[in-house]
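Chemist: Attaching a single structure in structure tokens format; questions to follow.
The values are calculated or read from the model by the stated rules, or taken from the named source; none is laboratory data. All values reported here derive from a predicted model rather than from experimental measurement. Reconstructed Cβ throughout: ideal geometry from the backbone, glycine too, with neighbour counts over all protein chains shown.
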Amino acid sequence: MPVYEYLCNDCGPFTELRPMVECDLPQDCPQCESESPRVILTAPAFLCMPLDRRKAHATNEQSRHAPKTLDQYKAAHGPGCGCCSTGRKKPARLMTKTRGGAKGFPTARPWMISH
């Protein structure tokens, strides 16, 4: 059974464990026994779910409604970020040219003849 939140005008908020069919019905306050309506004060939590899965759900929820702008992405993933770049550029590829204009790449595949 889920836990629902209710708000008593005199005593304040309280929670109760109730069947789902009774979720919209008012609940008696445990202190003053006055009828209190159901309210939603906090966001639902996935307490039984493993931490890595909860983080994945949170990430998906954020990105589904409001994708990151380029500035927000750069703030989180700056130069040298380990998850998406090494922080250094690839070295330029070594290329040689003959007198006739043929290109050669001596380090790539020495057995291939250039066009």
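Chemist: Considering each residue of region 14-28, count those that are exposed (fewer than 13 other Cβ atoms within 10 Å of the Cβ) and in a strand (DSSP E or B), and give that number.
Modeler: Counting residues in region 14-28 that are exposed (fewer than 13 other Cβ atoms within 10 Å of the Cβ) and in a strand (DSSP E or B) gives 1.
Chemist: Let me ask another. If you take the residues in region 3-13 that are touching a strand residue (DSSP E or B) at 6+ places or on another chain (Cβ under 8 Å) and surrounded by 11 or more Cβ atoms within 10 Å (Cβ to Cβ), which one is nearest to E35 (Cα to Cα)?
Modeler: C8
Chemist: A follow-up question, please. Looking at the structure I just gave you, is A66 at pLDDT below 70, loosely packed, with under 11 Cβ neighbours inside 10 Å and within 20 Å of V3 (Cα to Cα)? Let's see the steps before the verdict.
Modeler: Details: at pLDDT below 70: yes; loosely packed, with under 11 Cβ neighbours inside 10 Å: yes; within 20 Å of V3 (Cα to Cα): no.
In short, no.
Chemist: Moving to a separate point now. Which of the residues that make up region 38-59 are at pLDDT 65 or above, of a type outside the set (S, T, Y) and surrounded by 10 or more Cβ atoms within 10 Å (Cβ to Cβ)? Before you say what the answer is, go through the steps one by one.
Modeler: Of the residues in region 38-59, the ones at pLDDT 65 or above are 38-44, 47-59.
Filter again for of a type outside the set (S, T, Y), leaving 38-41, 43-44, 47-58.
Of everything in region 38-59, those that are at pLDDT 65 or above, of a type outside the set (S, T, Y) and surrounded by 10 or more Cβ atoms within 10 Å (Cβ to Cβ) turn out to be R38, V39, M49, R53, R54, K55, A56, H57, A58.
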